[in-house]
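The values are calculated or read from the model by the stated rules, or taken from the named source; none is laboratory data. Quick caveat: nothing in here was measured; it's all calculated off a predicted structure. Positions of Cβ are generated from backbone atoms using ideal geometry, with glycine treated the same way; all protein chains shown enter the neighbour counts. Quick note on the areas: whole protein, heavy atoms, side chains included, nothing else; ligands and nucleic acids left out. Shrake-Rupley method; radii C 1.70, N 1.55, O 1.52, S 1.80 Å.
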Amino acid sequence: MIPVVKTIDEVRKYVNEWRRAGKTVGLVPTMGYLHEGHRSLIVRAVAENDCVVVSDFVNPTQFGPNEDFESYPRDINADASLCEGAGASIIFNPEPEEMYDNALTTVSVAEITSGLCGKTRPTHFAGVCTVVSKLFNIVKPDRAYFGQKDAQQLCVIRKMVKDLNFDIEIVGCPIVREEDGLAKSSRNTYLSEEERQAALCLSRSLKKGRKMIEDGEHSTEKVIAAIRAEIESEKLAKIDYVEIVALDTLKPVSEINVPVLAAIAVYIGKTRLIDNFIIE
Ligand code: AMP
């Protein structure tokens, strides 16, 4: 069975041994409750590196006070099977006390963290950047793998790596969806059957928006209105945001004539879901 490693020291022992043998190392940071989306990152990491560490840590510092840290789903045994099946080398599954021993240091990226998810979750990205920096220093990977599902996170991590000169290649991976279009997410398990159906309004609205742009629509306002209308037609859905931003700055654009990210966050009942598409 794949080793489930609980301490930083033990991870370092594995990695040092691999390094001595001249092996390359990939890292896939996750919060566990792994699904096909995570699996696609692990499979890619295994294809591109000799050894792969999957971190499996529900990071308390990236949750706000009224968010779902306590109720976030956890199943380390199922995660271990998935990681083993995908060919990972070890799972790093620390307790919060192992990661945060009276820590006073945080890493935060300015500007690009204030819009989109940062508006509703003002402390989220500092939590993400801090834990990812720590994982980078613990594992010292050659490459680290992130999903486009969390497009703002991917953009923020790329900026952090550039600004802080981490010598790590960041690999972005496409969104994996259910057959009916819903983006896979550990949080989908919160949805009742009725909410699960309602949640299809996210991917459906984005599909509409993308088609408008592909058919030549340049007005952000019109595309956003169409996406909002599609979501608002679903009675269980409540929009957090619908935005179209420049892919590099994450600032809103009025005309779609540069690479853009169309990103949405929608409450389905109490569950907050996100989805997006990119037009290069
Ligand atoms: P999480 O466990 O939700 O923090 O996600 C860990 C990593 O898996 C992040 O880089 C996510 O973007 C990525 N991920 C989550 N869901 C998907 C998905 N449906 N498709 C691709 N990547 C995903």
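Things to note:
- Elements of type strands (runs of 3 or more DSSP E) in region 83-200, at least 1 residues being closer than 24 Å to residue 259 by Cβ and either within 13 Å of the ligand (Cβ to nearest atom) or in contact (Cβ under 8 Å) with a residue 12 or more places away in the chain (or both): 143-147, 169-173
- Close pairs from region 212-226: first open to solvent by less than 90 Å² (accessible area, probe 1.4 Å), partner at pLDDT below 95 and not acidic (Asp, Glu), Cβ under 6 Å, at least 6 apart: 220/254
- Residue 58 being more than 9 Å from the ligand (Cβ to nearest atom) and closer than 20 Å to residue 145 by Cβ: no
- With respect to the conditions (1) surrounded by fewer than 14 Cβ atoms within 10 Å (Cβ to Cβ); (2) assigned to a strand (DSSP E or B); (3) of a type in the set (D, E, K, R), residue 275 falls short on a single one, namely (1).
- For region 20-70, the set of residues classified as of a type in the set (D, E, K, R) and part of a helix (DSSP H, G or I) consists of 20, 36, 39, 44, 48, listed by residue number.
- Single unsatisfied condition, residue 14 versus (1) among the hydroxyl-bearing types (Ser, Thr, Tyr); (2) away from the ligand (no atom under 16 Å from the Cβ); (3) closer than 30 Å to residue 239 by Cα: (3)
- Number of the condition not met by residue 208 [criteria: (1) in a helix (DSSP H, G or I); (2) in contact (Cβ under 8 Å) with a residue 60 or more places away in the chain]: (2)
- Scanning region 236-244 turns up no residue that is in a helix (DSSP H, G or I), under 30 Å from residue 44 (Cβ atoms) and open to solvent by less than 40 Å² (accessible area, probe 1.4 Å).
- Residue list for region 32-55, restricted to those being within 13 Å of the ligand (Cβ to nearest atom) and small (Gly, Ala, Ser): 32, 37, 40, 45, 55
- Considering the conditions (1) more than 26 Å from residue 30 (Cα to Cα); (2) crowded, with 19+ Cβ neighbours inside 10 Å; (3) not hydrophobic (A, V, I, L, M, F, W, C), residue 185 is excluded by exactly one of them, (1).
- On the stretch given as region 1-11, residues that are closer than 16 Å to residue 138 by Cα and either open to solvent by less than 90 Å² (accessible area, probe 1.4 Å) or not in a helix (DSSP H, G or I) (or both) total 7.
- Residue 78 open to solvent by 30 Å² or more (accessible area, probe 1.4 Å), out of contact with any helix residue (DSSP H, G or I) (no Cβ under 6 Å at 6 or more places or on another chain) and either outside the structural domain of residue 154 (by TED's automatic domain parsing) or not in a loop (DSSP other than H, G, I, E, B) (or both): yes
- Count of residues meeting criterion [among the β-branched types (Val, Ile, Thr), surrounded by 19 or more Cβ atoms within 10 Å (Cβ to Cβ) and closer than 16 Å to residue 170 by Cβ] in region 104-160: 8
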